[in-house]
Amino acid sequence: MPDMKELLYAITCLSFATVIGAAVYEHVGVVPRWSAAPPVSLTMFQGKYGLNATPFWMFIHPITLLLFIATLVVFWKTGRRIHILVPLSVYVAILAATATYFVPQLLSIVQTPISDTADATLTSRAQTWETLSLVRLGVLVVIALQLFLGLGKVGHLVR
């Protein structure tokens with residue numbers, strides 16, 4: 001039977017990997033399409049059946065945060081603490097940036113009424129958003145490596 005603490009750590013890693021996997025999917029399959037020539041390229045977001053990823057993100061982020069916090073509490077007095085604390089801290093900072101910049105910018109762009117011609121200013125904003133979002137994704141991948149490396153650490157006590 002698996003140790004429940006180890007299982008909690010593994011589930012935290014899985015949840016965080018889900019966040020990263022979804023972000024990679026969006027950057028490979030979705031962002032290039034809508035950012036190509038807005039507002040012409042924004043049709044996927046509008047109308048009765050427009051793409052709405054909000055429910056997914058509103059579900060996965062709180063669960064991942066709670067898992068991170070629970071895992072940090074369980075492993076606080078062990079050598080794994082740093083492997084959890086650093087990624088959690090950076091993830092919280094990324095979520096703050098997402099709430100204050102990325103989401104408002106994205107909504108501002110994708111809610112622009114559809115047009116038959118591309119808007120150079122809007123396209124430039126979309127490209128800036130995409131570039132910064134790729135940087136954000138890169139940081140997530142780096143901190144995930146730190147978290148995952150903690151899986152292989154022996155949970156020895158810190159003195």
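The values are calculated or read from the model by the stated rules, or taken from the named source; none is laboratory data. Keep in mind that this is a model prediction, so the values were computed, not measured. Reconstructed Cβ throughout: ideal geometry from the backbone, glycine too, with neighbour counts over all protein chains shown. Heavy atoms of the whole protein, side chains included, go into the accessibility calculation; ligands, DNA and RNA do not. Shrake-Rupley method; radii C 1.70, N 1.55, O 1.52, S 1.80 Å.
I'm told SER124 meets every condition in (1) crowded, with 16+ Cβ neighbours inside 10 Å; (2) modelled with pLDDT of 95 or more except one. Can you identify the failing condition by its number?
(1)
Tell me, please, whether a residue that is closer than 21 Å to ASN52 by Cα, polar (S, T, N, Q) and either more than 19 Å from the chain's Cα centre (by Cα) or open to solvent by 50 Å² or more (accessible area, probe 1.4 Å) (or both) can be found in the stretch 129-152.
Scanning the stretch 129-152 turns up no residue that is closer than 21 Å to ASN52 by Cα, polar (S, T, N, Q) and either more than 19 Å from the chain's Cα centre (by Cα) or open to solvent by 50 Å² or more (accessible area, probe 1.4 Å) (or both).
If I filter the stretch 1-10 down to residues being out of contact with any helix residue (DSSP H, G or I) (no Cβ under 6 Å at 6 or more places or on another chain) and open to solvent by less than 70 Å² (accessible area, probe 1.4 Å), which single residue comes out as nearest to PHE75 (Cα to Cα)? Outline the logic, then answer.
Let us first name the residues in the stretch 1-10 that are out of contact with any helix residue (DSSP H, G or I) (no Cβ under 6 Å at 6 or more places or on another chain), namely 1-4, 6-7, 10.
Next, only the ones that are open to solvent by less than 70 Å² (accessible area, probe 1.4 Å) stay: 6-7, 10.
Details: GLU6: 10, LEU7: 12, ALA10: 13 Å.
If we take residues in the stretch 1-10 being out of contact with any helix residue (DSSP H, G or I) (no Cβ under 6 Å at 6 or more places or on another chain) and open to solvent by less than 70 Å² (accessible area, probe 1.4 Å), then GLU6 is nearest to PHE75 (Cα to Cα).
If you take the residues of the stretch 79-100 that are of a type outside the set (A, V, I, L, M, F, W, C) and touching a residue at least 12 places away in the same chain (Cβ under 8 Å), which of them is most open to solvent (accessible area, probe 1.4 Å)? So that I can check it myself, show each step before the final result.
So the first thing to find is which residues in the stretch 79-100 are of a type outside the set (A, V, I, L, M, F, W, C), and the list is 79-81, 83, 87, 89, 91, 98, 100.
Keeping just the survivors that are touching a residue at least 12 places away in the same chain (Cβ under 8 Å) gives 79-81, 83, 87, 91, 98.
Working: GLY79: 22, ARG80: 8, ARG81: 67, HIS83: 24, PRO87: 0, TYR91: 2, THR98: 25 Å².
Among those that are of a type outside the set (A, V, I, L, M, F, W, C) and touching a residue at least 12 places away in the same chain (Cβ under 8 Å), it is ARG81.
Do we have any residue at all in the stretch 48-63 that's of a type outside the set (D, E, K, R), under 20 Å from GLN146 (Cβ atoms) and open to solvent by less than 20 Å² (accessible area, probe 1.4 Å)?
Looking for residues that are of a type outside the set (D, E, K, R), under 20 Å from GLN146 (Cβ atoms) and open to solvent by less than 20 Å² (accessible area, probe 1.4 Å), one finds at least one in the stretch 48-63, hence yes.
Select from the stretch 21-48 the residues that are within 22 Å of SER108 (Cβ to Cβ) and among the aromatic types (Phe, Trp, Tyr) and list them in ascending order.
Within the stretch 21-48, TRP34, PHE45 meet the criteria.
Within the bounds of the stretch 31-38, is there any residue that is modelled with pLDDT of 95 or more, open to solvent by less than 70 Å² (accessible area, probe 1.4 Å) and within 16 Å of the chain's Cα centre (by Cα)?
yes
Residue check, LEU66 against (1) without any contact (Cβ under 8 Å) to a residue 24 or more places away in the chain; (2) surrounded by 13 or more Cβ atoms within 10 Å (Cβ to Cβ), all met but one. Which one?
Exception for LEU66: condition (2).
To keep it simple, each residue is scored yes or no on (1) touching a strand residue (DSSP E or B) at 6+ places or on another chain (Cβ under 8 Å); (2) of a type in the set (Ser, Thr, Tyr); (3) at pLDDT 95 or above.
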residue: GLU6; (1), (2), (3): no, no, no
residue: TYR9; (1), (2), (3): no, yes, yes
residue: ALA22; (1), (2), (3): no, no, yes
residue: GLY29; (1), (2), (3): no, no, yes
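Please verify whether VAL74 is over 22 Å from ALA96 (Cα atoms) and either out of contact with any Asp or Glu (no Cβ under 8 Å at 6 or more places or on another chain) or polar (S, T, N, Q) (or both), treating the condition exactly as stated. Steps first, answer last, please.
Values: over 22 Å from ALA96 (Cα atoms): yes; either out of contact with any Asp or Glu (no Cβ under 8 Å at 6 or more places or on another chain) or polar (S, T, N, Q) (or both): yes.
So VAL74 fits the description; yes.
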